[in-house]
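Read-outs: derived from the displayed coordinates by stated rules, not from any lab. A quick note: this is a predicted structure, and the numbers were derived from the prediction, not measured. Cβ atoms come from the backbone with ideal geometry, glycine included; neighbour counts cover every protein chain shown.
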Amino acid sequence: MIIFFLISCKNSEKTETKNNSESENGITQSEFKKLETNNYLELEYKILDKNDEQIEFSRLHKIAEYPGGFDSLAIFIQRNFKFSNSSDNEDIKGRVETTFSIDIKGNVIEVELIKGFRKNIDKACLKVISQMPKWKPAEMRNGEKVKMKFLLPIKFIMEK
């Protein structure tokens, strides 16, 4: 039995807050802004220009959006996350951190593992993110489409 979490959030409204912690791999989370949704999905994001340099959050008009919204994204990940478990008699608890970007055309690109847990689970996380359909790209106040990078932690519990 797998119990799968996409890190729970505090508020039922979509809100933005700053996160100033630093992860083990050197990515400073203060570069990202937290996007809280009304499901178990916790995404952090930053906006990038054509040269992959960060743009001020205040210039953003619309964030990149998964088809059907963030509730649909959580459902997509839960339904499509599959991995081979060589030891079915073992309890597994873990967390994987990934990043991915949505380009100006809405494509999922640059899927990366930031903090792994186990090879088979890490690969499954990267695979499910890579399989996401096109998103609506982020848009600046002037109407220009911009690249958006997301930090996505995935926490799960697998019990015998």
On the formula 1/(1 + (r/R0)^6), with r taken between the Cβ atoms of residue 79 and residue 105 and R0 of 22 Å, the FRET efficiency rounded to 0.05 is 0.35
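Using the Cβ atoms and a cut-off under 9 Å, what net charge is assigned to the surroundings of residue 145, where Lys and Arg are +1 and Asp and Glu are -1?
Working: positive: 105, 147; negative: 103, 139, 144.
Result for the local shell: -1.
Multiply the residue separation of residue 157 and residue 127 by 0.36 nm, subtract the distance between their alpha-carbon atoms, and state the gained length in nm to one decimal. Could you put the intermediate results ahead of the total?
On the way: separation 30, 0.36 × 30 = 10.80 nm, distance 1.88 nm.
Extra length from residue 157 to residue 127 when fully extended: 8.9 nm.
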For the pair residue 140 and residue 72, the simple spin-label estimate (label points 7 Å beyond Cα toward Cβ) gives in nm 2.7
